[in-house]
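Encoded as structure tokens, the structure appears first; notes follow it.
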Amino acid sequence: MENVFKFPVINPLLHNELRLKIMVALDSLESADFMYLCQITDSTRGNLSVQITTLKEAGYLEVTKTGLGRFSHTVCCITNKGRETLRAYEDGLRRLFTQEVPAQDKKSMAG
């Protein structure tokens, strides 16, 4: 059987602008509080909260909350799994843009 060309798989969870910004920031910073992430990502608190929850449920972030109600403080940090996933995502994008797509086989064109 002949080899069939396939593009690299790109993680759809990280292929969201805000989730990617959160992951890149935390990869660089190790940890950041919620309001700082809100500021640097130019996000609303509601949207940031949803995306952080999504990343936490995937095991990419750890979230620590202290205090109660209006006086709570939320800090996020990237997990080892999150860091590895981010590296794989970056590698996949790099391969996507640099991988040469082979010319179509004339046999497959007749059909």
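Numerical summary
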read-out: GluC sites (Glu not before Pro) within the stretch 7-90, DSSP loop, no more than 14 other Cβ atoms inside 10 Å; value: E30
read-out: Rel. contact order, % - alpha carbon contacts under 8 angstrom, at least six apart, the chain; value: 31
read-out: Straight-distance crosslink candidates among lysines, where the alpha carbon sits under 30 Å from K21 and sequence neighbours closer than 8 are dropped; value: K6, K56, K65, K81
read-out: Angle in degrees between helix 80-98 and the longest Cα principal axis of the chain, rounded to the nearest 10; value: 40
read-out: Among V24, F5, I52 - extreme Cα towards positive end, dipole of the chain, charges at beta-carbon; value: I52
read-out: Per-residue HN-Hα couplings for the stretch 64-77 [Karplus 6.51, -1.76, 1.60; θ = phi - 60°; Hz; x = Gly/Pro]; value: 10, 10, 10, x, 10, x, 5, 9, 7, 10, 10, 10, 10, 9
read-out: Stretch gain in nm, segment T66-K6, where the contour uses 0.36 nm per residue and the Cα spacing is subtracted; value: 17.0 nm
read-out: Spin-label model distance (nm) - I40 vs N80, 7 Å beyond Cα toward Cβ; value: 2.4
read-out: Max mean-square fluctuation residue, GNM over the chain, Cα-Cα springs under 10 Å, options L61, L96, L20; value: L96
read-out: Helix-derived mean residue ellipticity, 222 nm - over the chain, DSSP H n ≥ 4, -39500 (n - 2.57), to 500; value: -15500 deg cm²/dmol
read-out: Computed Kirkwood radius, in angstrom, where 1/r is averaged over Cα pairs of the chain; value: 16.1
read-out: Derived scalar couplings ³J(HN,Hα) [the stretch 37-46; Karplus, 6.51 cos²θ - 1.76 cosθ + 1.60; whole Hz; x for Gly, Pro]; value: 4, 4, 5, 6, 8, 6, 10, 7, 4, x
read-out: Accessible-area composition of the chain, carbon plus sulfur, in percent [1.4 Å probe]; value: 54
read-out: Nearest-20 debye value, the chain charge dipole, Cβ charges on Lys, Arg, Asp, Glu; value: 200
read-out: Rotationally averaged projected area of the stretch 1-66 (alpha carbon convex hull; nm²); value: 6.1
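The values are calculated or read from the model by the stated rules, or taken from the named source; none is laboratory data. From a predicted model like this one, the values you see are computed outputs, not experimental measurements. Reconstructed Cβ throughout: ideal geometry from the backbone, glycine too, with neighbour counts over all protein chains shown. Calculation scope for accessible area: heavy atoms of the full protein, side chains included, ligands and nucleic acids excluded. Shrake-Rupley method; radii C 1.70, N 1.55, O 1.52, S 1.80 Å.
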